[in-house]
Amino acid sequence: MNSDKLVYVKKHVSGSDVIIAICDYELIGMKIVDNEKNISIYVDPFFYQGDLLTIDEALKLLSQATIVNLIGKNIVEAVVKLGLVLKETVVEIAGIPHVQLVNMGVD
């Protein structure tokens, strides 16, 4: 399925929050600028560059997270395909898909 596509995955813990940051490996260190939307994002190695995993391996870690930050075509397409994210909620920055999810703890 997604065994040949690699992503960087980094886990951050802040108080009771567990943040899982995942980016397509080729985006690490890039500054993505969308002049049309007047927005930019830096794919900061400090935030994203942890373990280099396959997408399938990375997806297994999402259940640990209270906050998820994803950037890149491969990882975002994978979470949309699994039904974890609605395609309509994906934000594109200069054509690069970006998603943030927060578990509010509401049942």
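Here, each number is a calculation from the coordinates, and none is a lab measurement. In this text, all values refer to a predicted model and were calculated from it rather than measured experimentally. A quick note on method: Cβ atoms are made from the backbone with ideal geometry, for glycine too, and the neighbour counts reach across all protein chains shown.
Only beta bridges with both residues in the range 1-79 are counted; by DSSP, about 75 percent of them are antiparallel. Helical content alone sets the calculated 222 nm signal of the chain at -4500 deg cm²/dmol, taking -39,500 (n - 2.57) per DSSP H segment of four or more residues and averaging over every residue.
For a straight C-alpha distance cut-off of 18 angstrom, the aspartates and glutamates reachable from K31 (same-chain residues fewer than eight places away being disregarded) are D44, E92.
Electrostatic bookkeeping for V80 treats Lys and Arg as +1 and Asp and Glu as -1; over the other residues with beta carbon under 12 Å from its beta carbon, the sum is +1. With a threshold of 18 Å on the Cα-Cα distance, the over-threshold entries among K11/K60; K37/K81; K60/K87; K5/K81 are K37/K81; K60/K87. Along its three principal directions, the equivalent ellipsoid of the range 57-107 from the Cα gyration tensor extends over semi-axes of 19, 13, 10 Å, largest first.
Using a cutoff of 8 angstrom between alpha carbon atoms and counting only pairs six or more residues apart, the relative contact order for the range 6-102 works out to 31 percent.
Please list, by residue number, every one of the GluC sites (Glu not before Pro) in the range 1-98 that is coil in DSSP and has at most 15 other beta-carbon atoms within 10 Å. Here the GluC sites (Glu not before Pro) that fit, given the DSSP loop and packing criteria, are E36.
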